[in-house]
Amino acid sequence: MNFLAGAFKPPCKISISLADGGARKKVPLKKENGQSVMVPLFHSQENIVGEVIIEPLYGKKVEHNGVKIELLGQIELYFDRGNFYDFTSLVRELDVPGDLYERKTYPFEFSTVEMPYESYNGVNIRLRYVLKVTISRNFVPNIVEYLDFVIIYSVVGVRNYSPPPAINNSIKMEVGIEDCLHIEFEYSKSKYHLKDVIIGKIYFLLVRIKIKNMELEIRRRESTGSGTNTYVETETLAKFELMDGAPVRGESIPIRLFLSPYELTPTYRNINNKFSVKYFLNLVLVDDEDRRYFKQQEFQLYRLLENP
């Protein structure tokens with residue numbers, strides 16, 4: 001049994017390292033099992049430079065039909081799990097067919113790589129960038145599933161930054177129940193960076209029902225597909241209590257909600273014709289009979305360039 005197990009092991013070890021791996025900033029990336037790992041952070045148009053090391057196991061010879069490294073940008077939709085849609089695909093051939101008897105190092109470089117979208121891990125969507133090394137080999141059919149390709153993935157995070165918007169209008173809306181309730185609320189702007197503060201105010205113009213409490217929610221809505229095949233998933237990322245107790249006519253409640261504690265991303269609109277991610281402020285009022293009243297408003301998020 002041990003002999004059979006050993007027969008299916010790859011005859012070499014592969015490692016991928018980046019030239020500036022020690023100095024480059026790292027950010028957490030959540031894996032499918034819920035665990036977070038630290039991965040190097042890149043921005044679009046950067047050079048990705050490093051080396052691949054292939055080391056045959058003691059006494060092993062690696063026969064191969066070539067070695068290559070690929071930089072892939074991929075989108076995976078979880079209802080179509082296992083099928084990746086490549087929007088970026090770059091290849092560097094590292095070695096011609098031959099045999100490996102000892103450790104060998106292959107330098108590689110991808111220059112000014114266009115990485116148009118941010119890495120994203122959502123409820124139903126994953127957008128990732130990977131460096132993928134492949135040693136192509138020939139095997140008898142009964143072990144093709146295991147050793148047809150020896151593949152190592154090195155995952156990188158990508159973030160893209162935006163300047164502050166030239167136009168950033170305030171949001172003004174009304175909530176009303178005829179002859180019972182009339183509320184106006186105002187947010188100072190409609191576009192926020194990820195470390196911003198939402199500032200606003202709520203005015204009670206008419207109150208003839210007993211409001212027990214009021215809270216503000218941040219909701220994220222993912223949408224994939226189109227038409228009858230559209231999938232929508234909504235998460236409540238934050239709940240912020242604005243008021244506990246009954247308001248009176250003429251009263252105003254200030255809003256001051258810091259965004260930095262929450263795991264937010266920029267707003268994404270029709271990324272590669274595959275998915276969108278939108279954010280909403282949801283105002284919730286609850287009366288003394290536990291009836292709930294909602295008013296929802298979309299707002300935009302963007303990533304502002306951080307100070308080094």
Checklist outcome for this item: By residue number, the members of region 131-162 that are in contact with a Leu (Cβ under 8 Å, 6 or more places away or on another chain) and modelled with pLDDT under 85 are Arg137, Phe139, Tyr153, Ser154, Val155, Val156, Gly157, Val158, Arg159, Tyr161, Ser162
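Quick one: in region 89-107, of everything that is of a type in the set (Asp, Glu) and within 20 Å of Ile48 (Cα to Cα), which residue is surrounded by the most Cβ atoms within 10 Å (Cβ to Cβ)?
If we take residues in region 89-107 being of a type in the set (Asp, Glu) and within 20 Å of Ile48 (Cα to Cα), then Asp95 is surrounded by the most Cβ atoms within 10 Å (Cβ to Cβ).
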Checklist entry - Under the condition of being part of a strand (DSSP E or B) and open to solvent by 20 Å² or more (accessible area, probe 1.4 Å), which residue from region 108-141 is farthest from Ser162 (Cα to Cα)? => result Ser136
Next on the checklist: Against the definition (among the acidic types (Asp, Glu), open to solvent by 30 Å² or more (accessible area, probe 1.4 Å), at pLDDT below 85 and within 19 Å of Gly225 (Cβ to Cβ)), how does Asp86 come out, yes or no?
Outcome noted: no
Item to check | Output for region 21-60, where each listed residue is part of a loop (DSSP other than H, G, I, E, B), modelled with pLDDT of 80 or more, among the charged types (D, E, K, R) and over 19 Å from Val133 (Cβ atoms) | outcome: Arg24, Lys25, Glu46
Next on the checklist: So, in region 243-274, how many residues would count as being surrounded by fewer than 18 Cβ atoms within 10 Å (Cβ to Cβ), hydroxyl-bearing (Ser, Thr, Tyr) and outside any loop (DSSP other than H, G, I, E, B)?
Outcome noted: 1
Checklist entry - Where residues in region 212-242 are in a loop (DSSP other than H, G, I, E, B) and of a type in the set (Gly, Ala, Ser), which of them is least open to solvent (accessible area, probe 1.4 Å)? => result Gly225
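The values are calculated or read from the model by the stated rules, or taken from the named source; none is laboratory data. All of these numbers come straight from a predicted model, not from anything done at the bench. As a convention, Cβ positions derive from the backbone with ideal geometry for all residues, glycine included, and neighbour counts pool all protein chains shown. We work out accessible area using only protein heavy atoms, side chains counted, and drop any ligands, DNA or RNA first. Shrake-Rupley method; radii C 1.70, N 1.55, O 1.52, S 1.80 Å.
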